[in-house]
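Okay, so here's the structure we're looking at.
The values are calculated or read from the model by the stated rules, or taken from the named source; none is laboratory data. These numbers were taken from a predicted model, which means no experiment stands behind them. Positions of Cβ are backbone-derived with ideal geometry, glycine not excepted, and every protein chain shown enters the neighbour counts.
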Amino acid sequence: MLTREIAKTIVLETSLRLNRNINIMDEKGIIIASGDTSRIDDIHEGALEVLKSGKTLIIHPNEKGVWRGAQPGINLPILFQDRIVGVIGITGNPEDIKELGGIVKMTTELMIKEKFIASQLEWKQRTKEMIIEELLKGSPSYSNIERGLNLIGLNLKSPFITHIIQLTERNIMNQSLTDKMEGIIGEKHGLVGFISINRMFVAFLGLTQQEADKKLRSIYLELKKLRLKFRLAYSTPFQSMSKFNQSYIDCDLALKITDVEEDLISFAEVEAKALIYKIDRAWGERFSNRIMNKTLNKFADTLEAYFKNNLNIQKTADDLYLHRNTLIYRLNKIEEETGYDPKVFKDALTIQLALWTDKKLKSEEFIK
């Protein structure tokens, strides 16, 4: 656990604060970090004594040369999880530095503990992201997934809900954001990890619909609180691990086919539109060419607002800053020139499908 990298960090930070030379010795008594680089890799006999006895060793000026590789100062055991993992030495007159010994020892042990915790979290997060990567494959290896789950002590309990958080601007580290998401969901009910630089994957595990809705709301509010620029899409609930790949595709498509200003998107709410993006191109062109004309293209924005407001004329007029009569005139004009009455559900559905198909063809976003 006491690596040369950690030892070097400890020496740099403590030497600067104390203006004293600090030496770190490993479990074999070898100096692995020192303010005096010429001493690195030397055997420190004083450290060997500390490792053997488990007690602090004070070397007085008149004892210089008694312990090979050692100079006057104080040498203290470094403990981690009730085991001596090394020795820290402070060079100088023991009378001048004896009060510093305990502080330096405590600081060193805390730094080692922090480094250990950080490395454990990093290892655990890498394992989670390996599991996520496997789950999102078309043909996942369930043995690899099970092996990873056993390592981190997690059980993938259904039902599952997949979420994609697409980030465009942020000022928070990946691990910090991951920790916040897991804190909201609960470690046993969530699988969280980054799958690309600005895309986070979040899976809910074994939650009721009511619990899932509540936690989704909490996640959304936390992202807003952090002032992140994001878009969040989530799938419909599913029961089988084999469906993670499709649920991810659904979320990805939901992000593509919705307005960039929408920051919370339910795939269930755009599923009908998503079907258009899955149809054969030739069929889509045939349908679009038959229905679309200059009038529908001209009034496309009006129709989209009208459909978004569930065929409510007054709400649509308000959204478009139009007089109610102006909107009614446009709707009547559409009926006259196309034969489809937007005020009638069957005709409105046909027009909506045509608008979606036309938009899909123009954007060239085809899902095979």
Practice item. Considering only residues that are loosely packed, with under 14 Cβ neighbours inside 10 Å and on the phi > 0 side of the Ramachandran plot, look in region 308-337 and name the one that is farthest from the chain's Cα centre (by Cα). Key: Tyr321
Exercise for review: Please work out which residue is surrounded by the fewest Cβ atoms within 10 Å (Cβ to Cβ), limiting yourself to region 156-179 and to residues that are in contact with a helix residue (DSSP H, G or I) (Cβ under 7 Å, 6 or more places away or on another chain), not in a strand (DSSP E or B) and not hydroxyl-bearing (Ser, Thr, Tyr).
Suggested key: Gln175
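Any idea which residue in region 1-34 is surrounded by the fewest Cβ atoms within 10 Å (Cβ to Cβ), counting only those that are part of a loop (DSSP other than H, G, I, E, B) and free of Cβ contacts under 8 Å to residues at least 40 places away in the same chain?
Pass one, region 1-34, residues part of a loop (DSSP other than H, G, I, E, B): 1-3, 19-21, 26-29.
Next cut, free of Cβ contacts under 8 Å to residues at least 40 places away in the same chain only: 3, 19, 28.
On the way: Thr3: 14, Asn19: 7, Lys28: 12.
Step by step, filter region 1-34, then rank; the result is Asn19.
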Point to revise | Every residue from region 180-192 that is surrounded by 21 or more Cβ atoms within 10 Å (Cβ to Cβ) and either among the β-branched types (Val, Ile, Thr) or on the phi > 0 side of the Ramachandran plot (or both) | key: Ile185, Val192
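Which of the residues that make up region 270-280 are assigned to a helix (DSSP H, G or I) and either among the aromatic types (Phe, Trp, Tyr) or surrounded by fewer than 13 Cβ atoms within 10 Å (Cβ to Cβ) (or both)?
Going through region 270-280, the residues assigned to a helix (DSSP H, G or I) turn out to be 270-276.
If the condition is that a residue be assigned to a helix (DSSP H, G or I) and either among the aromatic types (Phe, Trp, Tyr) or surrounded by fewer than 13 Cβ atoms within 10 Å (Cβ to Cβ) (or both), then Ala272, Leu275 are the ones that fit.
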**Study point:** Flag for Gly86 being under 23 Å from Arg4 (Cβ atoms) and buried (at least 18 other Cβ atoms within 10 Å of the Cβ)
**Key:** yes
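Which of the following residues is farther than 24 Å from Ser363 by Cα and basic (Lys, Arg): Lys308, Lys315, Lys294?
Working: Lys308 fails: farther than 24 Å from Ser363 by Cα; Lys294 fails: farther than 24 Å from Ser363 by Cα.
Selected residue: Lys315, the only one of Lys308, Lys315, Lys294 that is farther than 24 Å from Ser363 by Cα and basic (Lys, Arg).
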Check your understanding: Can you find even one residue in region 266-283 that is closer than 21 Å to Thr168 by Cα and modelled with pLDDT of 85 or more?
Key -> yes
Point to revise | Residue satisfying all of: in region 223-267; in contact with a Ser or Thr (Cβ under 6 Å, 6 or more places away or on another chain) and loosely packed, with under 14 Cβ neighbours inside 10 Å; farthest from Ser139 (Cα to Cα) among these | key: Lys229
